[in-house]
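Before any comments, here is the structure.
None of the figures in this text is laboratory data; all of them are computed from the coordinates on show. None of these values were measured; they are calculated from a predicted model. Cβ placement follows ideal geometry from the backbone for every residue including glycine, while neighbour counts extend to all protein chains displayed.
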Ligand SMILES: Nc1ncnc2c1ncn2[C@@H]1O[C@H](COP(=O)(O)OP(=O)(O)OP(=O)(O)O)[C@@H](O)[C@H]1O
């Protein structure tokens, strides 16, 4: 049997073997090592001269007093794995103790093919591949030049391509070719920072949330970028559905509030004109917002008191008290006592138990201050304090009482003018005028006339068991009339006709002399009344006085008197004052 010498074995070894002394002088190099390093060097030559980069690494290991260690180096023909093993293993801490090193060299190519045979590597690879293949997320890896190295099925599916099509392609092409709406990985390569972006894949019609993380080498260059993608299409669909559902809900809500409005209108508040519909919408909003300090202006009979109740009934305090007071109807002292209450013995005639004021009674509810413009100046100051502090003090009382109520004030006066004339406090005006609302006179919203006529005709027909209806001529007259007394006047005209007229067809309902259409009528402010001769004025005043005196025989309060005469309470109070009359 032929004996193989160590030399022969090394000459035929399939791995490279090289022995170096501590200075890098090659003591031995076998043919395979020469092949890998591409040199036909003989012993005695420095490794530094043939492969300076490799020597640099080996030298570092020697200087560090290394143990056996594998390093990966770049040889002239590709990557090489080199296991560097010190000759004197006992001495590990200093290069002085080494007797040189032995290097075992193997090409990466060979090493890789055999590495796959190692169970641990096989296992690791399997785990990595499973991770990629079974991930819920799309994952791909690109190198520092943006070339796709690996991609899983999910990522390829999200883009609408196969894995094979994607591997090796420059990732920038996805955006360049319009497959996705914007680039992520090229931006990461440029900024060298992690980045997350929503992408839309035009090709597959998918919405993706993609996050990329750059991985750096020791020099700080990007070695590769790992991108993880999440399919957001379902989320987007759900969001769209939610948005749609919200829109539907909003529409329903609006429809409901419109219906509420209609419902309310159909019960009591009649409005057909755009102006009134808009006004009701505003009032409804104020009611829902629990807004206080609403100032309703408008001519007498336009519905100021009526709409203040509408606000109360549509607010959160609808089950709490609604207290109304006409500020023009009482003398100063009495008005103050009514509004703020009094303690026993506060004034002559005061009840000896004292009395709560209307503000106290309206607590948690609404107080409606009608004819606020007629409120005496000294009481205005007290009201202002009450609005500012949210508390009142009874007449003759010493302690403050907290009150919380919605305040709605109304007037048919021009309050601004009254402020200029120093008849109304400016600070109170500002305080009350936070939500100003103006009700237009009926003649400026003629669309409402017919509806109001219909509504009250039905109501009074039912109440008085009648079957009256308007003739066309009558409707024309009503629509042409300028209604200085506004809705109140119209309501009274209809009531009168239903009760008094014999014929079921109402041919004319307007009082004599008023049944001619007035084209565009002037406002009904007292100041705007047509000038009359002195004689006529006197006649009217005398007639008024007589009517009032007669009515006073039947009526015990200004409210009853107002109802009896078909005018507002404030008008009655004003006229009584003018004639020096009073209710007993
Ligand atoms: N939009 C409306 N729909 C139905 N009825 C209405 C409407 N507006 C007002 N009215 C009726 O008209 C009458 C007068 O309304 P209201 O007393 O509220 O007027 P006002 O503006 O407060 O008058 P004044 O300033 O003289 O006190 C009430 O009987 C009310 O029912």
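Summary of computed values
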read-out: Angle between the chain longest axis and helix 233-267 axis [Cα atoms, degrees, rounded to 10]; value: 0 degrees
read-out: Acute angle (nearest 10 degrees) that the helix 274-288 long axis makes with the longest principal axis of the chain, alpha-carbon atoms; value: 70 degrees
read-out: Mean shadow area of the chain, taken as a quarter of the surface of its Cα convex hull (nm²); value: 54.9 nm²
read-out: Contact order relative to length of the stretch 268-438, as percent, for alpha carbon pairs under 8 angstrom and 6 or more apart; value: 30 percent
read-out: Folded to 0 to 90 degrees: helix 119-133 orientation relative to the chain principal axis, Cα; value: 30 degrees
read-out: Relative contact order, percent, the chain [alpha-carbon distance under 8 Å, six or more residues apart]; value: 8 percent
read-out: Sequence of 375, 289 once ranked by neighbouring C-beta atoms within 10 Å, starting from the fewest; value: 289, 375
read-out: Packing rank of 418-424, 169-175, where each peptide gets the mean count of other beta carbons within 10 Å, highest leading; value: 169-175, 418-424
read-out: Sorted by Cβ density within 10 Å, fewest first, the residues 456, 28, 118; value: 118, 28, 456
